[in-house]
Amino acid sequence: MSEIQKTVYDKLIPANESLEVLTKTFIVDGYKVVAQHNPARAVSSGAKLDKATIAKRKCFLCAENRPVDQPSVGYNENFEILKNPFPILKKHLTIPLLRHERQEILPNFATMLDLSKDLPDFTLLYNGPKCGASAPDHMHFQASQYGLTPLDEKPLSEFEIVDGEIKNFGRKCYVFEGIDKQTICKQFETLYNKLEIKDDEWEPRMNVVAHYITSAATWNVWVFARDKHRPSYYEQGRMISPGVIDMEGILVFPKPDDFADVDEAMIRQIYKEVSL
Ligand SMILES: [Zn+2]
């Protein structure tokens with residue numbers, strides 16, 4: 001086991017970690033989606049993310065605004081690894097940059113691959129600034145235990161992939177698979193440059209997932225190309241704000257009424273609206 005991963009287990013992961021959430025499982029057009037009722041996520045899902053609100057609030061990822069006794073593990077001189085205080089999945093980590101700089105994937109993508117190689121028990125996660133990141137002003141990744149999402153459960157070979165894009169998935173999703181880091185970085189940059197950047201934003205809307213399979217020395221990377229930040233259900237009062245874990249197939253519903261109402265049609269509609 002890598003030294004970093006061992007330190008993460010020792011310092012950040014409680015041995016008997018439990019996560020009390022209600023779930024309902026759906027098969028929508030052939031793919032599995034789990035609805036999760038998780039009231040603690042209301043802070044994130046309902047967060048106001050306009051520029052004025054963000055400028056006024058104290059950044060919760062900056063070290064000086066965090067509890068002094070919160071344990072962290074340093075990584076790569078630029079990042080540190082923390083336990084996520086509002087987990088969606090077990091072993092849920094937050095991995096902020098040590099400096100307060102905006103959420104941005106391209107200059108940090110190679111580090112995401114490095115992190116996934118150093119944390120092979122985990123899946124590395126990225127939310128774009130308008131795609132689920134609750135701190136769009138402070139660069140951070142997340143990680144969660146590998147194997148807990150519908151995306152993890154299905155090997156890439158079982159998807160229908162045409163020209164690097166998964167077909168019949170209900171979501172716009174591109175995949176890269178390979179053993180060479182530089183090649184994957186180049187493939188990612190090529191895709192990034194093809195995607196449109198909206199006015200007043202600094203990168204194409206996307207969620208990114210990366211996992212390293214140690215036994216095959218291979219990276220798997222999924223890029224969900226996004227359109228809307230939040231589906232129209234959100235304007236109708238439902239608290240649904242999809243981030244990367246939602247795109248992986250675990251849709252989080254902080255409010256009990258929304259969780260009670262979720263059905264296949266709602267799931268299909270959410271993915272349709274937030275995907276490119
Ligand atoms: Zn910050």
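Things worth noting here:
- Accessible surface computed residue by residue for the range 1-134, with neighbouring protein chains in place and a 1.4 Å probe, gives 50 Å² per residue.
- In summary, the lysines within cross-link reach of LYS194, defined as a Cα separation below 16 angstrom excluding same-chain residues under 8 places away, comprise LYS172, LYS186.
- Unpaired cysteine residues in the chain (no second Cys Cβ under 4.7 Å): CYS131, CYS173, CYS185.
- Placing dummy labels 7 Å off each Cα toward the beta-carbon, the span from GLU196 to ALA40 is 3.9 nm.
- Our coupling estimate for the range 47-59, obtained by passing each phi through the Karplus curve with A = 6.51, B = -1.76, C = 1.60 and θ = phi - 60°, is 4, 7, 10, 5, 4, 5, 5, 5, 5, 7, 7, 6, 5 Hz, Gly and Pro reported as x.
- For the range 2-20 versus the range 28-51, the spacing of their alpha-carbon centroids is 24 Å.
- The GNM of the chain, with springs linking C-alpha atoms under 10 angstrom apart, assigns the highest mean-square fluctuation among SER116, SER18, SER157 to SER157.
- R0 of 22 Å, Cβ-Cβ distance ALA265-LYS32: FRET efficiency to nearest 0.05: 0.85
- Relative packing of 78-91, 190-203, which averages over residues the other C-beta atoms within 10 Å, highest first: 78-91, 190-203
- Only aspartates and glutamates eight or more places from LYS198 in sequence, or on another chain, were considered; those with a Cα closer than 15 Å are GLU104, ASP227.
- Solvent-accessible area, 1.4 Å probe, carbon plus sulfur percent, for the chain: 50 percent
- Most mobile of ASP50, ASP137, ASP263 in a GNM of the chain (Cα contacts under 10 Å): ASP50
- Classification of the range 76-132 by its C-alpha gyration tensor yields a rounded form. The axis ratio a/c (a ≥ b ≥ c) stays under 1.5.
- Segment HIS100-ASN16, length gained on full extension (0.36 nm per residue, minus Cα span): 26.9 nm
- FRET efficiency, 1/(1 + (r/R0)^6) with R0 35 Å, evaluated for ASN168 and PHE60 via beta carbons: 0.35
- Rounded Å value of the spacing that divides the Cα centres of the range 180-225 and the range 92-117: 13 Å
- Gaussian network model of the chain, springs between alpha carbon atoms under 10 Å - residue of HIS229, HIS211, HIS100 with greatest fluctuation: HIS100
- Helical runs (DSSP H, four residues minimum) scored at -39500 (n - 2.57) apiece and divided by the length of the chain put the mean residue ellipticity at 222 nm at -7000 deg cm²/dmol.
- In terms of packing, defined here as the mean over residues of other Cβ atoms within 10 angstrom, the peptides 164-176, 139-151 line up highest first as 139-151, 164-176.
- Prolate/oblate/rounded label for the range 1-76 (Cα gyration tensor, a/c 1.5): oblate
- The dipole here belongs to the chain: it is taken about the Cα centre, uses +1 on the Cβ of Lys and Arg and -1 on the Cβ of Asp and Glu, and is about 540 debye.
- Among the listed pairs LYS117/LYS228; LYS24/LYS117; LYS58/LYS228; LYS167/LYS255; LYS24/LYS90; LYS83/LYS117, a Cα-Cα separation exceeding 23 Å is found for LYS117/LYS228; LYS24/LYS117; LYS58/LYS228; LYS167/LYS255.
- Karplus-derived 3J(HN,Hα) values for the range 38-45, using 6.51 cos²θ - 1.76 cosθ + 1.60 with θ = phi - 60°, are 9, x, 5, 7, 4, 4, 7, 5 Hz; glycine and proline are entered as x.
The values are calculated or read from the model by the stated rules, or taken from the named source; none is laboratory data. Quick caveat: nothing in here was measured; it's all calculated off a predicted structure. Neighbour counts are summed over all protein chains in view; Cβ atoms, including those assigned to glycine, are modelled from backbone coordinates with ideal geometry. Just the protein is used for accessible areas: all its heavy atoms, side chains included, with ligands, DNA and RNA removed. Shrake-Rupley method; radii C 1.70, N 1.55, O 1.52, S 1.80 Å.
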